[in-house]
Amino acid sequence: MATYYVRPGGNDSNAGTGPATNQAWATVQKALSSTSGLVGGDIVYVAPGHYLEQVTIGITSPSSTVQIIGDVTASQFTGLSAGIVRLSGFSSAGNAAIVYTGAILKGTSKNNLSFSNFIFEGRGTGTSGNGLVTFLTSQNISFSKCLFSQDRKSTRLNSSHIPLSRMPSS
């Protein structure tokens, strides 16, 4: 099991293996890409901040759960204050121009991923495979303590574990 870090001021050329800016990655996309090296049992801590990204999960489906944790207390990071962890399709904190439409987090045939303490916001198109967060033919995907805001309409998941059932590829 390894621990990885994403933070504002990081760099996707870094190894991602430490919480300092010269160690951490800058994007959630890098953490979940096919080149990150994540395997089952790994943990990714994401520092408070606004991450303007559309993330397509590229890691090979692990055999055990990978945890992606929004570190709202910034306890894993020095020099940062507590705050929200926002993965967004809007240019700043949900009140500015739309940069991305469609899913801001998506995966096909991806399994064993757990997300906690995130705000996911954007403008999903509502068409098949283009919701705000979309997992097709995926299993054991869970969200806890997350807020989903599509076109400024929010749904909060406060449960300790919300599993998504296997979804058809339609």
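The values are calculated or read from the model by the stated rules, or taken from the named source; none is laboratory data. All figures in this text were calculated on a predicted structure; none of them were measured in a lab. For neighbour counting, all protein chains shown are included, and Cβ atoms are generated from backbone atoms with ideal geometry for every residue, glycine included. Ligands, DNA and RNA are stripped out before the accessible areas are found, and what is left, the full protein with its side chains, is counted by its heavy atoms. Shrake-Rupley method; radii C 1.70, N 1.55, O 1.52, S 1.80 Å.
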Original post:
With θ set to phi - 60° and the Karplus curve 6.51 cos²θ - 1.76 cosθ + 1.60, what are the ³J(HN,Hα) couplings of region 3-10 in order, to the nearest whole Hz, using x for Gly and Pro?
Top reply: 10, 10, 9, 10, 7, x, x, x
**OP:** Could you run the Karplus curve 6.51 cos²θ - 1.76 cosθ + 1.60 with θ = phi - 60° over region 107-113 and give me ³J(HN,Hα) per residue in whole Hz, x for Gly and Pro?
**Re:** x, 10, 6, 10, 10, 6, 10
Original post:
Relative to the present Cα-Cα distance, how much length would full extension add between Thr108 and Asn140 at 0.36 nm per residue of separation?
Top reply: 10.3 nm
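Taking only protein heavy atoms into account and a 1.4 Å probe, give the accessible area per residue of region 27-89 in Å².
Details: 2410 Å² over 63 residues.
That works out to 38 Å² for each residue.
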**OP:** Sticking with the crude label model, points 7 Å out along Cα→Cβ, report the distance from Thr60 to Ala82 in nm, one decimal please.
**Re:** 4.0
Original post:
Under a 5 Å amide H to amide H cut-off, with H placed in plane at 1.01 Å, what residues pair with Ile141 once short-range neighbours are removed?
Top reply: Asn112, Leu113, Leu164
Original post:
Across region 80-88, in residue order, what do the Karplus-derived ³J(HN,Hα) couplings come to in whole Hz, using 6.51 cos²θ - 1.76 cosθ + 1.60 with θ = phi - 60° and x for Gly and Pro?
Top reply: 10, 9, 4, x, 7, 10, 10, 9, 9
Subject >> Amide H contacts of Leu105 (H built 1.01 Å from N, under 5 Å, at least 5 apart or other chain) >> reply: Val55, Thr134
